[in-house]
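Single-structure report; data block below.
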Amino acid sequence: MKKSTWAGFHIGMLLFATCLFRCQPSSPHPALLGTWKMSAQENLETGVMTAEPVHLARSVLIEFDGKPHKGHVYIQTVVNHIQGRFQISEGQHIHFFDLTGGLQGEPAWSKDLWQNLEGTERFIHKGKELMLVSKSHQVKTIWEKVEK
């Protein structure tokens, strides 16, 4: 009787430990937190890829801050700043909202960034590369992780 109780206890603990790791809401993508530099844009209709122009005054940066699945986003464009919030959900879906700031005087490289972020539906994260896909605007922006 004692052996079966002891075995039942171990099986119960094993199931509890398994559920502890699988049943908790996960932090889907902690690697997104931090700063990223926009390195290219791809037109999804034509397949044309445009790399960051070399003559820019400064690069476009995006910083994800907060929890791995939601928080604040801070964007440095070539001329201005944008800030807002982001939320990540299952299936690599990302939503940007409450964006504030301005895009006055932006060059072609960054002038559509706000619109593209608001239309972003999903992301693809591979190591030090992040792709934000805006199907509604037929644009994919490609970002590289900035090491500090």
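The values are calculated or read from the model by the stated rules, or taken from the named source; none is laboratory data. Only a predicted model underlies this, so the values are computations on that prediction, with no experimental measurement involved. Glycine gets a Cβ as well: all are built from the backbone with ideal geometry, and neighbour counts include every protein chain shown. Quick note on the areas: whole protein, heavy atoms, side chains included, nothing else; ligands and nucleic acids left out. Shrake-Rupley method; radii C 1.70, N 1.55, O 1.52, S 1.80 Å.
Points worth noting:
- For region 59-72, a residue qualifies if it is without any contact (Cβ under 8 Å) to a residue 60 or more places away in the chain and either farther than 11 Å from G84 by Cα or open to solvent by 30 Å² or more (accessible area, probe 1.4 Å) (or both), and the qualifying residues are S59, V60, E63, D65, G66, K67, P68, H69, K70, H72.
- Listing of strands (runs of 3 or more DSSP E) fully contained in region 60-148 that carry 1 or more residues being more than 12 Å from the chain's Cα centre (by Cα): 61-67, 70-76, 81-89, 93-101, 129-134, 139-145
- Residue in region 128-144 that is more than 15 Å from L32 (Cα to Cα), surrounded by fewer than 16 Cβ atoms within 10 Å (Cβ to Cβ) and among the basic types (K, R) present: yes
- Matching residues, region 13-32, being within 14 Å of M131 (Cα to Cα) and either among the small types (G, A, S) or modelled with pLDDT of 85 or more (or both): A31, L32
- Filtered by the rule that a residue be among the charged types (D, E, K, R), open to solvent by 50 Å² or more (accessible area, probe 1.4 Å) and assigned to a strand (DSSP E or B), region 32-52 gives a lone residue, K37.
Here's the yes/no breakdown for (1) at pLDDT 95 or above; (2) touching a helix residue (DSSP H, G or I) at 6+ places or on another chain (Cβ under 9 Å); (3) β-branched (V, I, T):
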position: M49; (1), (2), (3): yes, no, no
position: H55; (1), (2), (3): no, no, no
position: S59; (1), (2), (3): yes, no, no
position: D65; (1), (2), (3): no, no, no
position: G71; (1), (2), (3): no, no, no
position: G91; (1), (2), (3): no, no, no
position: L103; (1), (2), (3): no, yes, no
position: W114; (1), (2), (3): no, no, no
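- Of all residue pairs spaced 6 or more apart or on separate chains, those with beta-carbon atoms under 7 Å, a first member in region 31-58 that is under 29 Å from H69 (Cα atoms) and touching a residue at least 12 places away in the same chain (Cβ under 8 Å) and a second member that is open to solvent by less than 50 Å² (accessible area, probe 1.4 Å) and basic (K, R) are E42/K140; L44/K140.
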